[in-house]
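Accompanying notes for the structure given below.
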Amino acid sequence: NTSCVSITADNKILILDAGTGIRNLGSAIISKPDLEIFVIVTHSHWDHIQGFPFFTPIYQPNRPVHMFPTLHKKNVVLASLIDQMDGAHFPITPDQVPSNFNFVTENPLEFLESNGFHLEMVPMNHPGKAFGYKITIDDKIICYFTDNEIDPPYEKSIELNELTNQCRNADILIHDAQYTEDDMPLKHGWGHSLISQVTELGKSAEVKNLVYYHHDPERTDDLLDKELEKAAKTLKENGSSVQPYFAYEGLKLTL
Ligand SMILES: [Zn+2]
Ligand SMILES: [Zn+2]
């Protein structure tokens, strides 16, 4: 499955990206009709939007689903979620969806804040542009930085020192770690980071929990286990207290 992470606080769930992983999330929350849903995407690449039509809670009458068309200044990101439901790519069109889509166009960040999610948008280095999100809930900080190339060959949207400052001491940093050194130089410039760069970032930012994310589809579970072992060893040898995880379906962390 492709990108989808959720943060649950009280009776609200903030969903970050609507890749195919959102289908399983839908099944998991379908029996919780009071859970208020907030959907945000980092950018409109396929792997971050294509699960949305299969997210079953949107077919529940009266289910509150908040969406944010103006968050990215242009409507393209939200439109990509909705426009794929056009009859040609998916049989059901948005006007046939029985849930309550609430499009928050005025002051989206204030709206999220009033619902308990303090959100900061952090530009990522990615072809076609993308945003990461730094989310603060009470005193807990979660950084969702996917589709970010730490050291790209093209003009940067964010320098490494700024990226490090943004996630310094975060309780959880979820970061793109799609590639290994073997993928280079072919995939330099494709918009993703090396696992080793993410280890370095987590270590220097002194995050508490580091989640390696957005794995390459060719990477097997065995290979990921080996990479986790390697990363844990590097962190330990450097005296770092960062707790590493390689993201897997259903991984749940409690703060
Ligand atoms: Zn992307
Ligand atoms: Zn992606």
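Before moving on, here are some points about what is shown:
- Helical mean residue ellipticity (222 nm; -39500 (n - 2.57) per DSSP H run of 4+; nearest 500) of the chain: -7000 deg cm²/dmol
- Cross-link partners of Lys233 among lysines, defined as those whose alpha carbon lies under 22 angstrom from its own and excluding same-chain residues fewer than eight positions apart: Lys203, Lys208.
- Alpha-carbon centroid distance for the pair the range 30-63 / the range 176-247, whole angstrom: 28 Å
- Of Lys12/Lys140; Lys32/Lys226; Lys32/Lys252, those spanning more than 26 Å from alpha-carbon to alpha-carbon: Lys32/Lys226
- Sequence-distant contacts, meaning Cα pairs under 8 Å at least 6 residues apart, place the relative contact order of the range 146-255 at 29 percent.
- Asp47 sits among other residues whose Cβ lies under 10 Å from its own Cβ, and their net charge, with Lys and Arg +1 and Asp and Glu -1, is -2.
- D_trans [Stokes-Einstein, Kirkwood Rh over alpha-carbon pairs] for the range 1-108, 20 °C, 1.002 mPa s, µm² s⁻¹: 156 µm²/s
- For the peptides 1-12, 224-235, the ranking by packing is 1-12, 224-235, with the highest mean count of neighbouring Cβ atoms within 10 Å listed first.
- DSSP beta bridges in the range 117-247 [antiparallel fraction, %, rounded to 5]: 45 percent
- Using the Cβ of Ser6 as centre and a radius below 13 Å, the other residues enclosed give a net charge of +1, where K and R count +1 and D and E count -1.
- Share antiparallel - DSSP beta bridges, the range 1-108, percent rounded to 5: 30 percent
- Carbon/sulfur fraction of accessible area - the chain, other protein chains in place, 1.4 Å, %: 51 percent
- Share antiparallel - DSSP beta bridges, the chain, percent rounded to 5: 40 percent
- Range of Cα positions in the chain per principal axis (Å), largest first: 54, 39, 35
- Charge dipole magnitude, Cβ of K and R +1, D and E -1 - the chain, Cα centre, debye nearest 20: 380 debye
- Cα-Cα pairs of the range 117-247 separated by more than 20 Å (percent): 40 percent
- Partnerless cysteines, meaning none of the other Cys C-beta atoms lie under 4.7 Å away, in the chain: Cys4
- Bridgeable aspartates and glutamates around Lys236 (alpha carbons under 20 Å apart, same-chain partners fewer than 8 residues away excluded): Asp171, Glu200, Glu206, Asp225, Glu227.
- Listed residue (Leu173, Ala9, Gln197) projecting farthest to the positive dipole end of the chain, Cβ model: Ala9
- Listed peptides 114-122, 127-135 by packing density, highest first (mean Cβ within 10 Å): 127-135, 114-122
- Gaussian network model of the chain, Cα within-10 Å springs - most flexible of Leu163, Leu223, Leu194: Leu223
The values are calculated or read from the model by the stated rules, or taken from the named source; none is laboratory data. Every value quoted in this text rests on a predicted model; they were computed, and no experiment measured them. Here Cβ is always computed from backbone atoms with ideal geometry, including for glycine, and neighbour counts include all displayed protein chains. Note: accessible area is taken over every heavy atom of the protein model, side chains too, but ligands, DNA and RNA are not part of it. Shrake-Rupley method; radii C 1.70, N 1.55, O 1.52, S 1.80 Å.
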